[in-house]
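The values are calculated or read from the model by the stated rules, or taken from the named source; none is laboratory data. Everything numeric here is computed off the predicted structure, so don't read it as measured data. Every residue, glycine as well, gets a Cβ built from its backbone with ideal geometry; the counts of neighbours run over all protein chains shown.
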Amino acid sequence: MDTRPRPAIDKLLVAGLLAVSGVVVRAIWFTPVELRQGPAQKIFYVHAPSAFVALYVAFGLMAVTSALYLWLRDPRLDRLAESSAEVGLVFTTAVLVTGPIWGRTIWGTWWTWDARLTLTVFLWFLVLGYLLLRASI
């Protein structure tokens, strides 16, 4: 395994974290308050992109790379599938935290047993189980 420092990756990571932090600060503190939903609407600036990244990008990549791994047996694909699952789990957790906060303000309840919400929780537990099983092997 290569143990040399990778300054370019570290600089990109810091730049990315600063950019994301700047976007979140700008979205939450400097955008106008929506008339009907009030400040709760600003949760969507975190909630919707988290849902997109988790449910489409991360879990889609996980599914494709897992299928390709089963076909090609390339260990890099397996590592990419595991990494995608971890990223997807983090973003799905953000979705499951920010969604009920918004729902409490708008609907007056923390949770409704809507199919989309229930399947998102089911997916979260499924990916958590996938990662726990991988860690136990």
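What to note about this one:
- Identity of the residue in the range 35-85, surrounded by 14 or more Cβ atoms within 10 Å (Cβ to Cβ) and among the charged types (D, E, K, R), that ends up modelled with the lowest pLDDT: Lys42
To keep it simple, each residue is scored yes or no on (1) closer than 23 Å to Gln37 by Cβ; (2) touching a Lys or Arg at 6+ places or on another chain (Cβ under 7 Å); (3) touching a residue at least 12 places away in the same chain (Cβ under 8 Å).
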residue	(1), (2), (3)
Ser66	no, no, yes
Glu82	no, yes, yes
Phe122	no, no, no
Leu128	no, no, yes
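- Output for the range 101-137, where each listed residue is farther than 27 Å from Arg79 by Cβ and among the polar types (S, T, N, Q): Thr105, Thr109, Thr112, Thr118
- Within the option set Arg76, Arg104, being under 28 Å from Ala135 (Cβ atoms) and not hydrophobic (A, V, I, L, M, F, W, C) holds for one residue only, Arg76.
- Subset of the range 88-137 that is of a type in the set (S, T, N, Q) and under 24 Å from Gln41 (Cα atoms) - its residue that is surrounded by the most Cβ atoms within 10 Å (Cβ to Cβ): Thr92
- Of the residues making up the range 78-107, those that are out of contact with any Ser or Thr (no Cβ under 6 Å at 6 or more places or on another chain) and aliphatic (A, V, I, L, M) are Ala85, Val87, Leu89, Val90, Leu96, Val97, Ile101, Ile106.
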